[in-house]
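The values are calculated or read from the model by the stated rules, or taken from the named source; none is laboratory data. Model, not experiment: these values are computed from the prediction. Cβ sites come from the backbone with ideal geometry, for glycine too, and all protein chains shown count toward neighbours.
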Amino acid sequence: MKTDNWFQRLVRWTNGDSKPLHEPQAHVEFPKKETPEAPEAPFEKGPSLLKSSAGEITNFSLMVVSMFCCGVLILVLLLTVAYLPRFGSSYNAPVNEVSQRYVEQGVQEVGATNLVTNIILVYRGFDTYGESCVLFLGATAVIMLMAIDRNNTTKKDLEELEETEKMESKNRNQIIRHVTMILMPIIFLYGLYILCNGHLSPGGGFAGGSILGGALILCETAFGVKKVHSFFNHKVYHIIKVGALILYAVLICYTIFVGANGLENIIPLGKPGSILSAGIILPINVAVGLEVACTMYAFYIYFGKGNL
Amino acid sequence: MHLSEILATLAANRFATASAILFVVGMAGMIFNRNLFKKVVAMGFMDSAVFLFLTSVGFVEGRLAPIVTDPSVPASAEVYSNPLPAGLVLTGIVVSVSFTAFSLALTMRLYKKYHSLDIDEIMMKSQRNED
């Protein structure tokens, strides 16, 4: 038998094979369901472990043990809470010299008046970069699992999808369409405002990006996937997503390099409180916002339609 | 420590108490539900509990939100409450969103293959497939 390459094994694994490293047995291969109409043999409750009388006893005792564990856990947690310092007191463990330094030096060193933004994008910028990578990986994994390809769909699925699309375009509500036409620019403007004011007020890349993604989802609901596809297709999606991540990586690497070697940072900090200030924070916020908007829309569209 | 003292501290630390209860509710949901989708929702409960606890720890009575209103005056740590836990919670929220989406995608793939969300049924069907 021909040995599969690693990619075929990966595909088998994502399709539910529990032993992807072994050669597939004849009946382990999962045939495409060409006739899903034939009613699946009703799930037999044969002599399984869980249904036998001994199994029931095991099940019951397991239940009791889990309840006991939950009870013990809640008691331990509440007792721990009882020994914590009081809520709102300044003796809490996190109120220490680290946060004191962030509060007192933050505006001079980094330049943003929103101290939380200072911390997440510059002091702990490397950490937030990892977080953006997690978001990127999450979107990639969802695309890998949900995208329609020849391995996981049949002709019938595609026909059904087309049917739904037709029904949706016929029943698309006029009211939603008109309201969306009015609201769309306002929502986009609001999202961009939050994105670009991340260093001055609450908000920033993650919040603004979610609003932008929500605007895209609203657009898809009102006008259909074809309209959105005309300005936001695979190519644009990949360019924005990878470009934003690379921009973030370059900026944060530059800052770390300059800071570690004691060189002079050529990016001006500007006057704290104005919109063009705080050095690298504004471009990083924009990059993160674009990344988050793309991810939100990708989650929505791949769960619903399986294709961008 | 007397019981009355413990209860008084629990009432004072009301957000931490609520987060402890929420955490155990989420864990019980993960243990006792056999539906995979409900398990993912219960995981979200546990995430929220951790975020609630971290946020409540950063608050200091009588201090302002950590946004400097007048940059010309040097900021004092006595004026603003602690900005560090807020940043950590933001990280956690984003990771939990990605994780929820990923586990829901896996659940949907399992449903497509086995036509069921019940974890026991899925296990039995997969074992029967292997035999």
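At-a-glance table
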quantity	calculated
Single residue of A:60, A:30, A:68 found to be assigned to a loop (DSSP other than H, G, I, E, B) and either at the interface with chain B (Cβ under 8 Å from one of its Cβ atoms) or at pLDDT 60 or above (or both)	A:30
Some residue of region B:1-8 being acidic (Asp, Glu), assigned to a helix (DSSP H, G or I) and modelled with pLDDT of 90 or more	no
Residue in region A:235-242 that is modelled with pLDDT of 85 or more, closer than 16 Å to residue A:285 by Cβ and not charged (D, E, K, R) present	yes
Region B:69-89, residues that are closer than 14 Å to residue A:96 by Cα and of a type in the set (Asp, Glu)	B:78
Given (1) surrounded by fewer than 15 Cβ atoms within 10 Å (Cβ to Cβ); (2) not in a loop (DSSP other than H, G, I, E, B), number of the condition residue A:285 does not satisfy	(1)
Residues that are within 19 Å of residue B:60 (Cβ to Cβ) and in a helix (DSSP H, G or I), drawn from region A:108-122	A:115, A:116, A:118, A:119
Residue in region B:44-52 that is in contact (Cβ under 8 Å) with a residue 60 or more places away in the chain, in contact with a helix residue (DSSP H, G or I) (Cβ under 6 Å, 6 or more places away or on another chain) and among the charged types (D, E, K, R) present	no
Unique residue being surrounded by 15 or more Cβ atoms within 10 Å (Cβ to Cβ), in contact with a Ser or Thr (Cβ under 9 Å, 6 or more places away or on another chain) and more than 7 Å from every other protein chain (Cβ to nearest Cβ) when the list is B:42, B:65, B:49	B:49
Residues satisfying the stated conditions in region B:77-95, i.e. surrounded by fewer than 20 Cβ atoms within 10 Å (Cβ to Cβ), more than 7 Å from chain A (Cβ to nearest Cβ) and without any contact (Cβ under 8 Å) to a residue 24 or more places away in the chain	B:78, B:79
Region A:79-106 - residue that is at pLDDT 80 or above and within 16 Å of residue B:50 (Cβ to Cβ) and, of those, surrounded by the most Cβ atoms within 10 Å (Cβ to Cβ)	A:81
